[in-house]
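Chemist: Structure provided below as structure tokens; questions to follow.
Values in this text are rule-based calculations from the coordinates and carry no lab data. Note that the structure is a prediction, hence the values are computed from the model and not measured. Glycine gets a Cβ as well: all are built from the backbone with ideal geometry, and neighbour counts include every protein chain shown.
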Amino acid sequence: RLEDILDAFADRVSKPRLFLTDKMQIALAGGLGHGVAHAVFFCLSLLTPAFGPATFFNDRCSKMPFFLVSALIALAFVTIHTFSMVIAFNGYAEQNKVDQVFVPVVHMVAALMTLVNFASGGCLVGIPLLYVMAILTLMHCGKMVWRRLTQN
């Protein structure tokens, strides 16, 4: 629907319609914006303990500083959101059910993986698992983009 609106606008102002790469860049920018907004709101609640006198450690994960754990989780979700948006845009444009289902499933699994952090020392397992999901999302997106670009 957004593509139709943008193409109609391009026709009205006598400009070329959107190319596939333009559509993917729009999806990438939307995903990055969504991911950064998520990270900002995620880290906003951490401001009050951030002004303490020393490094803050959590009882459940005493091996890593709390703010490092939070930053790593936020970065993983920024990556997941950014490339999931490209996958979702493509999935709905092509009516591809696999891509349409992939995005919410990956997000739900990644969110559930953060629950590992409640276990003692869980951040040492949970964060690498979260990055596995981010890499899986990136690889799926890369494969999908490569397929679309070589088709056209």
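Chemist: Only helices at least 27 Å long along their own axis, judged from Cα atoms, and with Kyte-Doolittle mean hydropathy of 0.5 or greater: name those in the chain from DSSP H.
Modeler: Qualifying helices: 20-44, 66-94, 123-151.
Chemist: Please list, or write none, the lysines whose alpha carbon is within less than 17 Å of the alpha carbon of Lys23, excluding same-chain residues fewer than 8 places away.
Modeler: Straight-distance partners of Lys23: Lys15, Lys143.
Chemist: Using +1 on the beta carbon of Lys and Arg, -1 on that of Asp and Glu, and nothing else charged, what's the dipole of the chain about the Cα centre, debye to 20?
Modeler: Once rounded to the nearest 20, the dipole reads 180 debye.
Chemist: Let me ask another. At q = 0.17, 0.18, 0.29, 0.30 Å⁻¹, what log₁₀ I(q)/I(0) does a Debye calculation on the Cα points of region 75-116 give, no solvent, two decimals?
Modeler: With no solvent term, the Cα-only Debye profile gives -0.45, -0.49, -0.95, -0.98.
Chemist: So what is the calculated 222 nm ellipticity per residue for the chain, using -39500 (n - 2.57) for each DSSP H run with n of 4 or more, over all residues, to the nearest 500 deg cm²/dmol?
Modeler: -26000 deg cm²/dmol
Chemist: Still on this structure, please answer the following. Give me the net charge for the shell around Ala88: Cβ to Cβ below 13 angstrom, other residues only, Lys and Arg +1, Asp and Glu -1.
Modeler: Here the charged neighbours net out to 0.
Chemist: Using the C-alpha atoms of the chain, what convex hull volume per residue, in cubic angstrom, is computed?
Modeler: Cα convex hull per residue, to the nearest whole number: 123 Å³.
Chemist: Mind checking which of Gly31, Gly122, Val132 is farthest towards the positive end of the chain's charge dipole, using Cβ charges of +1 (Lys, Arg) and -1 (Asp, Glu) about the Cα centre?
Modeler: Val132
Chemist: Given 0.36 nm per residue, what is the gain on full extension from Asn96 to Leu44 after removing their alpha carbon distance, in nm?
Modeler: Stretched out fully, the Asn96 to Leu44 stretch lengthens by 15.1 nm.
Chemist: Non-local amide H neighbours of Met64 (under 5 Å, H modeled in plane, Pro and chain starts lacking H): which ones?
Modeler: Those qualifying (amide H under 5 Å, at least 5 residues apart or on another chain) number zero.
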